[in-house]
Amino acid sequence: MLRQPAVAGSFYPAERQKLEIELKRCLAPSPQKKQAIGIVSPHAGYHYSGTVAGQVYSQIELPQKMIILSPNHTGYGLPASIWPEGEWETPLGKAPVDVSLSLQWMKNCPLLQKDTAAHIAEHSLEVQIPFLQSLKRQFTFVPVTLSHLRYSDCHEIGRALAQTIQGTGKPVLIIASSDMNHYENQEITHKKDLEAIEKILALDPQGLYETVHKKSISMCGIIPTTVMLVAAKELGARKAELVQHATSGDVTHDYKSVVGYAGLIIS
C-alpha cells in the first residue's frame with residue numbers, strides 16, 4: 001500500500017531540491033537534542049507555520065519509531081483511522097509504516113480501525129513527514145487520523161497507546177499535528193491560544209479538551225493533542241515546554257483574520 005502525496009506543490013514544494021531548501025529555512029540546528037515523549041507541531045503550509053514546526057523538530061532527538069496523530073479535515077473515513085501498512089511517499093522518498101506497532105495498538109484498542117479513506121486527502125499528517133525524513137535517515141511510523149471524539153474515547157486511545165509503547169521497550173515519539181485558533185483577529189487568537197497552551201503546559205488533557213470546547217477555541221488538532229497528552233502522562237511525562245507561538249499574521253501582516261500556530265515539547 002503506497003500513499004502518494006496529496007498536498008506536495010501546495011502546502012510544501014513538490015520538487016525535492018526546492019523542498020530541501022524550504023526545510024533548511026524552517027529548521028534551526030540545535031547542538032543539544034532533548035529526549036521527548038510527545039510534541040505538538042502545526043500543519044499549515046510551510047510558508048506560514050514551517051518555522052514553528054522546524055523549531056520543535058530541531059530541538060528533539062528523533063527515535064526509530066514514531067506515531068503521528070492528525071485531525072480529520074475532510075470528513076472521509078472512520079472516526080479513528082489507522083493506515084495499517086505500506087509506505088507514505090513524499091518528494092524526499094518513502095517512509096515505511098510500522099506494521100507491528102500499528103497491529104499491537106489496534107489489538108489494545110478496538111476503537112482504532114484499519115482505514116485509508118480518512119488519509120488519502122488529509123494534509124495535516126502528510127506535512128509532518130518531510131521534517132522527519134530531513135532529520136532521520138531511517139524510521140518507521142504509525143499514521144492515525146482522528147475525527148472529533150468524546151473525551152472518554154481520547155482517554156481510551158491514549159492509554160492503549162501508552163500500553164503499546166511500553167510493550168516495545170523502545171522510545172517512541174508521539175506527534176500531535178495541530179494548528180490553534182482559526183480566523184479571528186490577532187488579539188483574540190493570542191488570548192484563546194494561550195488558554196489552550198496553558199492546559200498543555202500543565203499536562204492536563206481533560207482540562208485542554210474542556211477549555212477548547214467551553215471557550216470556543218477552534219483548535220483543529222484538539223483530539224490528537226488530547227490523546228498525546230493522555231499517553232504522555234501514562235508514560236511518565238513530567239513537563240511541557242512552549243518552543244514557539246506565532247500566527248499567520250506574522251507572515252501576511254493581515255491581523256484581522258489569523259490562524260495560530262504553537263510548537264510544544266512534552267518530556
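The values are calculated or read from the model by the stated rules, or taken from the named source; none is laboratory data. This is a predicted model, so every value here is computed, not measured. Every residue, glycine as well, gets a Cβ built from its backbone with ideal geometry; the counts of neighbours run over all protein chains shown. The accessibility values were calculated without ligands, DNA or RNA, using every heavy atom of the protein model including side chains. Shrake-Rupley method; radii C 1.70, N 1.55, O 1.52, S 1.80 Å.
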Notebook entry, point to check: Does region 13-28 include one or more residues that are touching a strand residue (DSSP E or B) at 6+ places or on another chain (Cβ under 8 Å) and basic (Lys, Arg)?
Noted result: no
Next item on the list: Select from region 26-60 the residues that are assigned to a strand (DSSP E or B) and of a type outside the set (S, T, N, Q) and list them in ascending order.
Entry: Lys34, Gly38, Ile39, Val40, Ile60
Next item on the list: Take region 84-131 and flag every residue that is aromatic (Phe, Trp, Tyr) and under 15 Å from Ile165 (Cα atoms).
Entry: Trp105
Check: Taking the condition open to solvent by 10 Å² or more (accessible area, probe 1.4 Å) and of a type outside the set (D, E, K, R), does Asn181 pass?
Finding: no
Check: Residues in region 177-184: is at least one aromatic (Phe, Trp, Tyr) and under 15 Å from the mean Cα position of the chain (by Cα)?
Finding: no
Next item on the list: Pick out the one residue from Leu208, Leu173 that is open to solvent by less than 10 Å² (accessible area, probe 1.4 Å) and assigned to a strand (DSSP E or B).
Entry: Leu173
Check: Just wondering, is there one or more residues in region 14-25 that are basic (Lys, Arg), open to solvent by 80 Å² or more (accessible area, probe 1.4 Å), assigned to a loop (DSSP other than H, G, I, E, B) and free of Cβ contacts under 8 Å to residues at least 60 places away in the same chain?
Finding: no
Notebook entry, point to check: When you go through (1) surrounded by fewer than 22 Cβ atoms within 10 Å (Cβ to Cβ); (2) of a type in the set (Phe, Trp, Tyr); (3) part of a strand (DSSP E or B) one by one for Tyr255, which number turns out not to apply?
Noted result: (3)
Checklist line | Out of Ser30, Ser58, Ser41, sole residue that is of a type in the set (Ser, Thr, Tyr), in contact with a helix residue (DSSP H, G or I) (Cβ under 9 Å, 6 or more places away or on another chain) and surrounded by fewer than 16 Cβ atoms within 10 Å (Cβ to Cβ) | finding: Ser30
Note to self: Can you find a residue that is open to solvent by less than 10 Å² (accessible area, probe 1.4 Å) and either touching a Lys or Arg at 6+ places or on another chain (Cβ under 6 Å) or at pLDDT below 95 (or both) anywhere in region 127-135?
What the structure shows: no
Next item on the list: Give me a count of the residues in region 232-250 that are of a type outside the set (Ser, Thr, Tyr) and part of a strand (DSSP E or B).
Entry: 7
Notebook entry, point to check: Do we find that Leu203 is outside any helix (DSSP H, G or I), touching a residue at least 60 places away in the same chain (Cβ under 8 Å) and either farther than 18 Å from His43 by Cα or open to solvent by 70 Å² or more (accessible area, probe 1.4 Å) (or both) in this structure?
Noted result: yes
Item checked: Looking only at region 224-245, and only at residues there that are out of contact with any strand residue (DSSP E or B) (no Cβ under 8 Å at 6 or more places or on another chain) and not aliphatic (A, V, I, L, M), the one that is surrounded by the most Cβ atoms within 10 Å (Cβ to Cβ) -> Thr226
Check: For region 65-122, which strands (runs of 3 or more DSSP E) that fit wholly inside it have 3 or more residues that are open to solvent by less than 10 Å² (accessible area, probe 1.4 Å)?
Finding: 65-71, 80-82
Checklist line | Selection count, region 16-68, where residues are among the basic types (Lys, Arg) and more than 30 Å from Gly169 (Cβ to Cβ) | finding: 4
